[in-house]
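The values are calculated or read from the model by the stated rules, or taken from the named source; none is laboratory data. The model shown is predicted, which means the values in this text are computed figures rather than measured ones. All Cβ positions, glycine included, derive from the backbone under ideal geometry; neighbour counts span all protein chains shown. The accessibility values were calculated without ligands, DNA or RNA, using every heavy atom of the protein model including side chains. Shrake-Rupley method; radii C 1.70, N 1.55, O 1.52, S 1.80 Å.
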Amino acid sequence: MSANADSFPDWMTRLQARDGDAAREVFDRFTGQLVALARRQFGARLQHKVDPEDVVQSAYKSFFHRIDEGKLEVGTWNGLWGLLTLITLRKCADRVAYHRAQRRDAAREVAAPPDAEAGAPWLEAIGREPLPSEAAVLNETVEQLLQTLDDDERPVLELSLLGHTTREISEQLGRAERTVRLLRESVRHRLERMQRDGE
């Protein structure tokens, strides 16, 4: 995600031409973070039922299908990360919905984990592939949001996108949990304002 933005158009041209090295660059750059993000979405109830790597592979399949259809509307590495994050989260939501449906409901087998941030309920609402117009809006919003963040807020957002809890972010950054919680709230309110202004 930190690559020089000037290289992105050239990389996109190669990727659209089905260049194998360009495709490998996507995997090398994002796979570890996407797997970590997917793993955080399932919690104790589903960890033994869902393989995060399978979820990420499914997300990549949708991503490359979108490229083949000429529906990829991103212009920077940060925009691409936002799109891959969105697709992965929606794949996770599909798996959660599947395992909660009818007799497959894993909640009947194991009690819910004590961590209140695990199994975020908002994932239920995004269990589908984003439309090209939605992906374009998301990418633009993510880029705008990243530009407004200061040095305190950016690492909090990045770790949040990777699925880390307030406590984990606090430990990794050496910041008080209350401070991390306030920073997350500040970023969330800023995102909500940006969404309202864009309506």
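Each residue in the stretch 29-58 was checked for being assigned to a loop (DSSP other than H, G, I, E, B), of a type in the set (S, T, N, Q) and open to solvent by less than 50 Å² (accessible area, probe 1.4 Å), and 1 pass.
Against the definition (closer than 26 Å to W11 by Cβ, modelled with pLDDT of 85 or more, part of a helix (DSSP H, G or I) and in contact with a Cys (Cβ under 7 Å, 6 or more places away or on another chain)), how does V26 come out, yes or no? Even if it seems obvious, please write down each step before you answer.
Details: closer than 26 Å to W11 by Cβ: yes; modelled with pLDDT of 85 or more: yes; part of a helix (DSSP H, G or I): yes; in contact with a Cys (Cβ under 7 Å, 6 or more places away or on another chain): no.
It is false that V26 is closer than 26 Å to W11 by Cβ, modelled with pLDDT of 85 or more, part of a helix (DSSP H, G or I) and in contact with a Cys (Cβ under 7 Å, 6 or more places away or on another chain).
For the condition more than 18 Å from the chain's Cα centre (by Cα), in a helix (DSSP H, G or I) and at pLDDT 80 or above, I67 qualifies.
Please work out which residue is modelled with the highest pLDDT, limiting yourself to the stretch 135-165 and to residues that are farther than 19 Å from L34 by Cα and crowded, with 16+ Cβ neighbours inside 10 Å. Walk me through how you get there before you give the answer.
Taking the stretch 135-165 first, the residues farther than 19 Å from L34 by Cα are 136-137, 140-141, 144-145, 147-153.
Filter once more, so that each one left must be crowded, with 16+ Cβ neighbours inside 10 Å: 136, 140-141, 145, 149, 153.
Working: A136: 58, E140: 66, T141: 70, L145: 74, L149: 77, E153: 80.
That would be E153.
Somewhere in the stretch 2-13, is a residue modelled with pLDDT of 85 or more, open to solvent by 30 Å² or more (accessible area, probe 1.4 Å) and among the acidic types (D, E)? For the stretch 2-13, residues modelled with pLDDT of 85 or more, open to solvent by 30 Å² or more (accessible area, probe 1.4 Å) and among the acidic types (D, E): present. All of (1) under 22 Å from Q144 (Cα atoms); (2) crowded, with 19+ Cβ neighbours inside 10 Å; (3) at pLDDT 85 or above hold for V74 with one exception: (3). Of all the criteria given as (1) among the charged types (D, E, K, R); (2) open to solvent by less than 40 Å² (accessible area, probe 1.4 Å); (3) in a loop (DSSP other than H, G, I, E, B), the one not satisfied by R90 is (3). When H48 is tested against (1) closer than 23 Å to A93 by Cα; (2) in contact (Cβ under 8 Å) with a residue 24 or more places away in the chain, just one condition goes unmet, and that condition is (2).
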